[in-house]
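Here's the structure, in structure tokens; my notes come after.
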């Protein structure tokens, strides 16, 4: 164990917080797995405590996160497999910090707020393992380590969908698993190729992300293929059109907690992967092929929204809306301006909050009515006005109404993308019309009108449910009104990434009337 | 005092928050009074700011109050900041002033509604958003208010959401407005790329100093005009406004007549230097859209039987006048008409609400008549409103409409002629309405062959009655304003043109100066316009009172030239089919390919390796175990080193 623990961090009194953030839920998962089935309340308590403790660690992390620097903070690097240059290298920067915090907060809420109805013990164990995997993916700065965590995530998710999902759960779980594995296979090849090709420039084999990115020096021709290998894995995960059809099935069949986590943080493994690995390692290739990704992103925005409009299942509708929202994030990612990319990172969080809340609400509807069929629901606002009010707020945030979180991200993405990808942005902006259409239409059918016999007994929001939703509402309103604290933390890392890529940041202030005035 | 400008939106916001938390406890009527007090308080603050602003010289009437940095990334700096100048304070004055009156009225109108508190909750949020819209110092703060009022409009139109028509109308309003908002957003993107800022001062300065190309100015103005067409219900995006009448009548008065729908006119005035700098055809286009909308909506209003629908189309038509003014570079006239219109149209809507209230929710004018005896105050004030909108001197509407027509004439006599026809039609349909509602025979208990739904055909005795004081007090105040409102800007000399000199610092760059020829005949034009109005009144009198002429109410006009129907048929037909097609494509082609690949692989694998179990679940478990084992191995290796 010397390599992991017997190092200067602990001896020097510096707490290895990132390692702890991964290990706490991991140990929690093992503890839950080995505990006796006869005391379910202890099992649940263990799960809640370990996820809450992890959440507390991430909040502490955020509180001590330094603003105004692009460096990786709290990094810890320990040699692991020296011969292959693999190390336990963790770090957090402006791109990952809020994803880590979102993960840390989303899991306890999902664990507390959703009842699996059967086999709680394995359910909780899988959820905690999933949390460890997601945290590891966001914190890894080593390609091998990242790949391991990226793959680990699949296993608990597969079992969660397959074990606690709905009628077509096995089909959905299998599809999810195979589809993502298909993408990962490309990435594995890509990682190995990257490492070996980089050996020429670096002189030794290393899986270290920072070292590869700074010294890799990939030629444009090879860089393109390597980039594509990574990009396929991330595009499946995002998901980018036309690789998205696993998502509606996985979402619809997944238990509520699974959907919340899937939409909230797992899809971001794709968009995060593009920023952290794809663009960071192969900036030239990313720039040369950006037209492909911009186009697929814009198609996804319109296509996802149109498909969402026509869904008959409320959960499927929200799933398709994710395709549209993630399209915005990819658009901003490949715009290479500080506004658009900062907006993308911000929007990853916003989408996680808003869509996570939407899935919770849809789950609550299902708990009461045992259906998600839009046609079977009617007039809920009359019998449950508070529930409807919360739904309205979350819906408006998803539509992107200013003053709420969704707008800030969307606006930054669009205004920044307009600078470098004008016509793509113009088409993408029309997606805001469609977003209003599909959500308001669904809302009208579900909440408006006179409730019929089946819907008359729909119960109002309960206290426990309100408490679970409260953090979401707070985040929605706060981010919408005062996003500056988040922007201040995200922006330096984005600017550094843009500089690293050698891109001309069109949004950094070279234009403007001031400059033009100087010209005669 | 100017720094206290933030209090103006803050008070309605505070009202919103208090009712949000305590609404149920406060109940009726306390939450109504609280909301009214908050908006009245905002009015008082606005007056104080106004007085302070007046005391300064006209060059100094420009004050920026920054609250905090909202969205700062790279060279993009957007603050939550307020711009205090004659334009914003003028807007704030009549929003809070008329707003307070309509709040007071609502206490009476919403009496007994189970969602009484919620109504005032939304109303407060609306006034807050509207104030953000007009006070914002940059496009994005305005956009915050812009979307905010749209959202409140949605919530209030579908306020009685158990009825499907109301719910659909709310959705339609929101989605149609979003089409306009798309234009607004593009305008912001262009402004940021080429001007580098979203601040009004920077944008207007860029136009005045000519630091951007005319093309950029043209694109920004055009895109903002698209937004204005949505919010201010101009062709081709007006379709949501007539349906919006599904909301409670005070909402129609406040949001869909006096304030929100004028946002587009405000926005155009705000960027008037940019309009002046843009290619000339842009302003011509605005004028044409304006006058076309004015005429088009007026023809539809002629054949409506719903008391509120007449007023709704009339609002669309009057907004068209304001855009005619904008297109003619007559910004003062546009704002002038906006204010007088707010007076008399709010009055007419509230009056119609009083009628509906007294008639137990009857809205069909064919079953009204002779109401002046039962509702004397409502009738008297409504008649004032009628004279004002018809353009009869010396009522408010005459002065403002006349000023618009004058500038339109200066731009092109054709625009003027179309505006004049509209004025004649306006006088005609408003006279028709007054006669049908307040004069003639009482038709309250007639058989109702036209009634759409069964509940209305129930034959019960209707006993119309006058409304309570909370309802008729605002009517009296607004009637007074509709009489004297023209005094704001009388065209006699420079001292009587108060609004012109007050707004001068904001609009002087773009404002049109009349040609001498036009200036000379301005009283002739006014005379012709007055004559037109009187002809309209007289013809309607012959048709509907004396029955000397046959009424011309073709179904084409009653159905609004089938424009709305055409759009909804398209949306429900080919549009929907197209969407269904995409969904089908996704489920069958794209997902079909995925599943097909899966099945193909399975089939091949099945042939080649019969020994495999074929259960993917097993594969998955094996992969999972494999990953764990692999990890363990690496871990042990790592430890060993």
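A few points about this structure:
- Checked against (1) surrounded by 15 or more Cβ atoms within 10 Å (Cβ to Cβ); (2) in contact with a strand residue (DSSP E or B) (Cβ under 7 Å, 6 or more places away or on another chain); (3) touching a residue at least 60 places away in the same chain (Cβ under 8 Å); (4) assigned to a helix (DSSP H, G or I), residue B:49 passes all but condition (3).
- Segments classed as helices (runs of 4 or more DSSP H), wholly inside the stretch A:104-212, with at least 2 members that are away from chain B (no Cβ under 14 Å): A:120-139, A:169-202
- Residue within the stretch B:629-638 that is at pLDDT 85 or above and away from every other protein chain (no Cβ under 11 Å) present: no
- Any chance residue B:585 is surrounded by 16 or more Cβ atoms within 10 Å (Cβ to Cβ) and at pLDDT 85 or above: no
- Residue in the stretch A:287-297 that is modelled with pLDDT under 95, closer than 24 Å to residue A:215 by Cα, away from every other protein chain (no Cβ under 14 Å) and buried (at least 24 other Cβ atoms within 10 Å of the Cβ) present: no
- Test: residue in the stretch A:317-339 that is outside any loop (DSSP other than H, G, I, E, B), touching a strand residue (DSSP E or B) at 6+ places or on another chain (Cβ under 9 Å), farther than 24 Å from residue A:506 by Cα and away from chain B (no Cβ under 14 Å): no
- Filtering the stretch A:63-81 to residues that are farther than 20 Å from residue B:73 by Cα and within 23 Å of the chain's Cα centre (by Cα) leaves A:63, A:64, A:72, A:73, A:74, A:75.
- Per the listing B:602, B:612, the residue uniquely more than 10 Å from every other protein chain (Cβ to nearest Cβ) and either at pLDDT below 65 or within 30 Å of residue B:165 (Cα to Cα) (or both) is B:612.
- Reported count of residues in the stretch B:481-512, each being at pLDDT below 85 and in a helix (DSSP H, G or I), is 0.
- Some residue of the stretch B:374-382 being closer than 20 Å to residue B:487 by Cβ, touching a helix residue (DSSP H, G or I) at 6+ places or on another chain (Cβ under 8 Å) and part of a helix (DSSP H, G or I): yes
- Residue within the stretch B:577-588 that is closer than 30 Å to residue B:421 by Cβ and without any contact (Cβ under 8 Å) to a residue 60 or more places away in the chain present: no
- Boolean, residue A:450 is in contact (Cβ under 8 Å) with a residue 40 or more places away in the chain and within 13 Å of chain B (Cβ to nearest Cβ): yes
- Yes/no for residue B:594 being loosely packed, with under 12 Cβ neighbours inside 10 Å, over 28 Å from the mean Cα position of the chain (by Cα), farther than 29 Å from residue B:316 by Cα and within 14 Å of chain A (Cβ to nearest Cβ): no
- Of residues in the stretch B:58-73 being within 14 Å of chain A (Cβ to nearest Cβ) and surrounded by 15 or more Cβ atoms within 10 Å (Cβ to Cβ), the one nearest to residue B:3 (Cα to Cα): B:69
- Only residues that are facing chain B (nearest Cβ under 7 Å), surrounded by fewer than 21 Cβ atoms within 10 Å (Cβ to Cβ) and either in a helix (DSSP H, G or I) or modelled with pLDDT of 95 or more (or both) were counted in the stretch A:407-436, giving 2.
- The set of residues in the stretch B:492-525 being surrounded by 18 or more Cβ atoms within 10 Å (Cβ to Cβ) and more than 20 Å from residue B:412 (Cβ to Cβ) consists of B:497, B:499, B:500, B:502, B:503, B:506, B:507.
- Flag for residue B:536 being surrounded by 13 or more Cβ atoms within 10 Å (Cβ to Cβ) and assigned to a loop (DSSP other than H, G, I, E, B): no
- Within the stretch B:111-162, if we keep just the residues that are away from chain A (no Cβ under 14 Å) and at pLDDT 90 or above, the residue that is surrounded by the fewest Cβ atoms within 10 Å (Cβ to Cβ) turns out to be B:137.
- Test: residue in the stretch A:373-395 that is more than 17 Å from residue A:327 (Cα to Cα), more than 10 Å from chain B (Cβ to nearest Cβ), touching a strand residue (DSSP E or B) at 6+ places or on another chain (Cβ under 9 Å) and touching a residue at least 40 places away in the same chain (Cβ under 8 Å): yes
- Any hit, the stretch B:95-109, residues being outside any helix (DSSP H, G or I) and more than 14 Å from every other protein chain (Cβ to nearest Cβ): no
The values are calculated or read from the model by the stated rules, or taken from the named source; none is laboratory data. Note that the structure is predicted; figures quoted are calculated from it, not measured. For neighbour counting, all protein chains shown are included, and Cβ atoms are generated from backbone atoms with ideal geometry for every residue, glycine included.
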